[in-house]
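Beneath this line is the structure, given in structure tokens, with notes to follow.
The values are calculated or read from the model by the stated rules, or taken from the named source; none is laboratory data. Please read all numbers here as calculations on a predicted model, not as lab measurements. Here the Cβ positions follow ideal geometry from the backbone for every residue, glycine too, while neighbour counts run over all protein chains shown. Side chains included, ligands, DNA and RNA excluded: accessible areas come from the protein's heavy atoms. Shrake-Rupley method; radii C 1.70, N 1.55, O 1.52, S 1.80 Å.
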Amino acid sequence: MKGKKSDDYYVELPAGISKDEMHRVLEKAAENVGMYISHVGGYSRKKYPNSVHWHFKRDRKEPGLLDATFWDVKNVFWLMIRHSEPQWVHEMVSTFLTAIRKEIQAL
């Protein structure tokens, strides 16, 4: 049996939050913790149709990134952190989650 290769961190969302609102929340939260959005796309189109998936980085040349996914069908948002990511990514999780929750409360 294979072990997990990543950890998921879920954030409670207000009912009916839109993709645009979620994007703005994440832009502000990332900026507040010294990161930027390096990629926006979809995530597992079969499993999570119409989901939005982001990559966050601190520096273009630095290895590692944080993954985040929002699926409005179920009103769910989570960060997914691969165990193989560099140390800075693991250290950033708590700070980024706090910044995201703060921006959601400000909606």
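Each row is one residue, and each column tells you yes or no for (1) out of contact with any Cys (no Cβ under 6 Å at 6 or more places or on another chain); (2) open to solvent by less than 80 Å² (accessible area, probe 1.4 Å); (3) not polar (S, T, N, Q).
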{"site": "ALA30", "(1), (2), (3)": "yes, yes, yes"}
{"site": "ASN50", "(1), (2), (3)": "yes, no, no"}
{"site": "LYS57", "(1), (2), (3)": "yes, yes, yes"}
{"site": "LYS61", "(1), (2), (3)": "yes, no, yes"}
{"site": "ALA68", "(1), (2), (3)": "yes, yes, yes"}
- Query: Within region 83-97, is even one residue among the aliphatic types (A, V, I, L, M), open to solvent by less than 20 Å² (accessible area, probe 1.4 Å) and in contact with a helix residue (DSSP H, G or I) (Cβ under 7 Å, 6 or more places away or on another chain)?
  - Reply: no
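In this structure, is ALA30 in contact (Cβ under 8 Å) with a residue 12 or more places away in the chain, closer than 18 Å to ASP7 by Cα, touching a strand residue (DSSP E or B) at 6+ places or on another chain (Cβ under 8 Å) and of a type in the set (Gly, Ala, Ser)?
Working: in contact (Cβ under 8 Å) with a residue 12 or more places away in the chain: yes; closer than 18 Å to ASP7 by Cα: no; touching a strand residue (DSSP E or B) at 6+ places or on another chain (Cβ under 8 Å): yes; of a type in the set (Gly, Ala, Ser): yes.
Against the criterion (in contact (Cβ under 8 Å) with a residue 12 or more places away in the chain, closer than 18 Å to ASP7 by Cα, touching a strand residue (DSSP E or B) at 6+ places or on another chain (Cβ under 8 Å) and of a type in the set (Gly, Ala, Ser)), ALA30 does not qualify.
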- Message: Please go through region 91-107 and give me each residue that is assigned to a loop (DSSP other than H, G, I, E, B) and free of Cβ contacts under 8 Å to residues at least 60 places away in the same chain, ordered by number.
- Response: ALA106
- Message: Could you check region 3-28 and list, in sequence order, the residues that are open to solvent by less than 50 Å² (accessible area, probe 1.4 Å) and within 25 Å of GLU91 (Cβ to Cβ)?
- Response: SER6, VAL11, LEU13, MET22, VAL25, LEU26
- Query: Between a first residue in region 10-22 that is under 14 Å from VAL73 (Cα atoms) and a second residue that is part of a loop (DSSP other than H, G, I, E, B) and open to solvent by 100 Å² or more (accessible area, probe 1.4 Å), which pairs have beta carbons less than 7 Å apart while being 6 or more apart in sequence or on different chains?
  - Reply: PRO14/LEU107
- Which residues, taken from region 32-48, are exposed (fewer than 14 other Cβ atoms within 10 Å of the Cβ), on the phi < 0 side of the Ramachandran plot and not β-branched (Val, Ile, Thr)? TYR36, HIS39, GLY41, GLY42, ARG45, LYS46, LYS47
